[in-house]
Amino acid sequence: MPLTHARDNIDMPKKPAPITSPSLLSVENLDIHFRTANGPVQVVYDASFTIKAGETLALVGESGSGKSVTALAIMQLHHHDSVQYGPHSRVLYQNQDVMHFTKPQLRDLRGAGIGMIFQEPMSALNPLHTIERQIGEAIMLHQPLMRGAQRRKRILELLDLVGLLQLHDRLQTYPHQLSGGQRQRVMIAMAIANNPKLLIADEPTTALDVTVQAQVLDLLQDLQNKLGMGLLLITHDLAVVAKMADRVMVMQRGHIVEHGPVKAVLEKPQHSYTQHLLSSQPRETPPTYDKKAPILLEATDVSVHFPKTRNIWGRTTSVVKAVDGVSLTIPAGQTVGIVGESGSGKTTLGLALLRLLPSTGRIVFAGQDIRNVDGDALRDLRAEMQIVFQDPYGALSPRMSIGDIIGEGLDVHAPEHTPAGRDAIVVEALRDVGMDPSVRFRYPHEFSGGQRQRIAIARALVLAPQLIVLDEPTSALDVSIQAQIIDLLRDLQTSRGLSYLFISHDLRVMRAMAHTLIVMRNGEIVEHGPAADIFKRPRQDYTKTLLQAALALKSKK
């Protein structure tokens, strides 16, 4: 029985004329259906596009629009029991239909012919293997004769290419010991290890600060020039699209609604959805606040040092100073923003302030020194201090439904609620972050990265805390949802008097949120003051470099 192609009331453009010149990749009439208990559900409709050697095609659209699903189909990474392709769908790589490849052919294709940078590095990297082993494995599978010192030399070359020189003497590091940006760069090193002809980059710069973003994008362009590599770039960052892509394809609810040269699409968008994406920008200034508000949190000389080497007796002989002597205050109802490169100590500081990492120094929250608070008192304190983690997939239990994930905090801190009352609060939290309450019966793996991030924000909001640490809360979100979440956080701050510690590499988002700005480097504060003053007149050379990198990213090709 043929599967129908419901159009969901989307205004469809005319199909492009067939491209007759040789293509590295050609996707034709791609239909993708998810198998469900109630029958197949179509998620991608009749997608057709090509990528030539050395060309960059950008794929943009909101979370859940089908971008990543399409990319996974190219490499046949969907489980055959979970998806069904249309009868006329074809994926041609160098004129060979990947859909008919045998398992050995697919194994050779993946990593050597086509490389992929996945969206969530913490989930894609094996937590039990060191960085050296994981990068080395990618080399070993396709270049088995490269062994020992030769393989290690190649690993070090790859780390240099992606800007991880500091890991040369830390090859035995595990993924959880790295920052989000560092993990992302390890993923990129693995993807380019065998010089693939086509690279699929699914949000490759999402977790990266602006300086490293520029480095990674320049790296990808250099690799294209050297190897003639084609690039399918999946991103929600239109500044990245403008800088990197030759052509852009806009996807909405599984349909390609607009496509063409980057300049034409970004400067004169024809489809209303593309116009909507381009107009979705956060406000330029943070919400007003009470300048006489009391201090909610005060940290003095906070340090977090991790052991680096030990002697034969197990004593620490050297340490990594992740956070070194940091002092700050967070007034009630205000946002303190922290910016800095990956590995500068931003996330470690946030975790230390919440007592999620051991630290030295003094931390006073709501007038109480919390450094020595333990047991039930610390658990009660958690209701007032919440966090939105950087990696939403790693932070959400795959075995729990969305409703249980969001409501778990209520079970601990507000057990007096009836099941119906608890469910009503979960429903309200989901609506607050722009999600249909019916999703509470589903599981994290059924959602896109951006949708999972919204679920994580809902979980933090459900207890109505006084302070929320937001660790890159918008990095996984497309531009329109990003603007919605920023507006939501601003509105909640105004209506509930919330305080935020806002960690982000996106300076545009920081302009919209931060009242006070902290710039960190190598575990220390290098600049600190009113955000508006720092954006206008940065004093330190490092801050100037960050701002210049952000401006450079906006410049077009």
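The values are calculated or read from the model by the stated rules, or taken from the named source; none is laboratory data. Just so we're clear, the structure is a prediction, and the values are computed from it rather than from any experiment. Glycine also receives a Cβ, built like all others from the backbone with ideal geometry; neighbour counts cover every protein chain displayed. Calculation scope for accessible area: heavy atoms of the full protein, side chains included, ligands and nucleic acids excluded. Shrake-Rupley method; radii C 1.70, N 1.55, O 1.52, S 1.80 Å.
Some observations on this one:
- For segment 62-112, taking the residues that are closer than 18 Å to SER48 by Cβ and among the basic types (Lys, Arg), the one that is surrounded by the most Cβ atoms within 10 Å (Cβ to Cβ) is identified as LYS67.
- Of the listed requirements (1) surrounded by 14 or more Cβ atoms within 10 Å (Cβ to Cβ); (2) farther than 18 Å from VAL519 by Cα, LYS321 misses just one: (2).
- With a requirement of 1 or more residues that are within 22 Å of ILE406 (Cα to Cα), open to solvent by less than 10 Å² (accessible area, probe 1.4 Å) and without any contact (Cβ under 8 Å) to a residue 24 or more places away in the chain, none of the helices (runs of 4 or more DSSP H) lying completely within segment 446-534 satisfies it.
- Output for segment 57-67, where each listed residue is touching a strand residue (DSSP E or B) at 6+ places or on another chain (Cβ under 6 Å) and either on the phi > 0 side of the Ramachandran plot or modelled with pLDDT of 95 or more (or both): LEU57, ALA58, LEU59, GLY61, GLY66
- Matching residues, segment 158-179, being open to solvent by 10 Å² or more (accessible area, probe 1.4 Å), out of contact with any His (no Cβ under 9 Å at 6 or more places or on another chain) and not in a loop (DSSP other than H, G, I, E, B): LEU161, LEU165, GLN166, HIS176, GLN177
- The condition (being more than 29 Å from the chain's Cα centre (by Cα), closer than 24 Å to ASP487 by Cα and open to solvent by 50 Å² or more (accessible area, probe 1.4 Å)) is satisfied by just one residue among ALA424, ALA377, ALA366: ALA424.
- Checked against (1) part of a helix (DSSP H, G or I); (2) at pLDDT 85 or above; (3) in contact with a Lys or Arg (Cβ under 7 Å, 6 or more places away or on another chain), VAL186 meets all criteria but (3).
- Residue that is surrounded by the most Cβ atoms within 10 Å (Cβ to Cβ), among those in segment 327-359 that are more than 23 Å from PRO538 (Cβ to Cβ) and touching a helix residue (DSSP H, G or I) at 6+ places or on another chain (Cβ under 9 Å): SER359
- Taking the conditions (1) within 28 Å of the chain's Cα centre (by Cα); (2) of a type outside the set (Gly, Ala, Ser); (3) open to solvent by less than 60 Å² (accessible area, probe 1.4 Å) in turn, HIS276 satisfies each one other than (3).
- Meets criteria (open to solvent by less than 10 Å² (accessible area, probe 1.4 Å), outside any strand (DSSP E or B) and in contact with a helix residue (DSSP H, G or I) (Cβ under 6 Å, 6 or more places away or on another chain)) for ALA549: no
- Exactly one residue out of ARG371, ARG399 is among the charged types (D, E, K, R) and in contact with a Phe, Trp or Tyr (Cβ under 9 Å, 6 or more places away or on another chain), and it is ARG399.
- In the set (1) β-branched (Val, Ile, Thr); (2) part of a loop (DSSP other than H, G, I, E, B); (3) under 28 Å from GLU55 (Cα atoms), the condition left unmet by ILE135 is number (2).
- Scanning segment 392-421 for residues that are of a type in the set (Lys, Arg) and within 14 Å of ALA464 (Cβ to Cβ) returns no hits.
- Any chance THR543 is surrounded by 19 or more Cβ atoms within 10 Å (Cβ to Cβ), at pLDDT 85 or above and over 30 Å from ARG247 (Cβ atoms): yes
- Sole residue being modelled with pLDDT of 90 or more, closer than 26 Å to ILE503 by Cβ and surrounded by 13 or more Cβ atoms within 10 Å (Cβ to Cβ), chosen from MET385, MET435: MET385
- Test: residue in segment 286-298 that is in contact (Cβ under 8 Å) with a residue 40 or more places away in the chain, surrounded by fewer than 21 Cβ atoms within 10 Å (Cβ to Cβ) and under 27 Å from the mean Cα position of the chain (by Cα): yes
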